[in-house]
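Inspection log for the structure reproduced underneath, given as structure tokens.
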Amino acid sequence: MSTARGNSNRNRPQKHQNRTVFKNDLHDSSHQTKLLNSLQISGVCKRCKDILDWKIKYKKYKPLTAPRKCVGCDQKTVKHAYHMLCRECAKEKKVCAKCCKAPENEEVAVEDSQTETTDIKSMLKGLPERRRRTMLRYINKQEEEHGEISPELISKIQDIVAQMAKPNFDEDSLFGDDFSGSDDNDEEDQH
Ligand SMILES: [Zn+2]
Ligand SMILES: [Zn+2]
């Protein structure tokens, strides 16, 4: 691949470039929270919207300080945190700007978001007994650590269950450090 860029010839130098202003006073958390609460999460699928809403609700949402590179058009056009694609690319490809998947299961997912636990159980129903138990242990552990089952965790579980359905599924690589099983290491996660 060449390293040449099309726009390297600039006729006039920029005098002063006012980039995105970095404000330190954004630490005012109540203001920040208000700002986040007013954010419109759009252009993402139901699953990702739940994740982002959850992040906002629990103040885990970190807004971008500068536009990020879009994986679709390679331009710094991504203005929303956690998004992979810019609005235009997502619209054009008809995919979610965050997970880049076409929201084909939208109707199914929309049905009821409140019965999360039941949902997980029904997801696990199709799994072989041993894997189901592994998953339940994993879920319980996450619930213990985080105090609840977040939409993020649910979507992770959905991913894992989908992985498990594949013939070349590798349990160890999937859970990795997250779920090494035996030892608890408490010192790792302090906030
Ligand atoms: Zn793009
Ligand atoms: Zn998505």
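The separation of the stretch 127-160 from the stretch 50-105, counted between C-alpha centres, amounts to 25 Å. Using a probe of 1.4 Å on the protein chains alone, the accessible area found for Glu148 is around 60 Å². Of the listed residues Leu64, Leu52, the order by accessible area with a 1.4 Å probe, largest first, is Leu64, Leu52.
Taking a straight line from the alpha carbon of Lys94, these lysines sit under 28 Å away, with near neighbours fewer than eight places off in the same chain left out: Lys46, Lys49, Lys55, Lys57, Lys60, Lys62, Lys69, Lys76, Lys79, Lys156, Lys166. Ser122 sits with roughly 60 Å² accessible to a 1.4 Å probe, with DNA, RNA and ligands left out of the calculation.
When Thr134, Thr65 are compared by accessible surface with a 1.4 Å probe, the order from highest to lowest is Thr65, Thr134.
When the surface is traced with a 1.4 Å probe over the full set of protein chains, Val161 keeps roughly 20 Å² accessible.
The values are calculated or read from the model by the stated rules, or taken from the named source; none is laboratory data. What you are looking at is a predicted structure, and each value in this text was computed from that prediction instead of being measured. Only protein heavy atoms, including side chains, enter the accessible area calculation; ligands, DNA and RNA are left aside. Shrake-Rupley method; radii C 1.70, N 1.55, O 1.52, S 1.80 Å.
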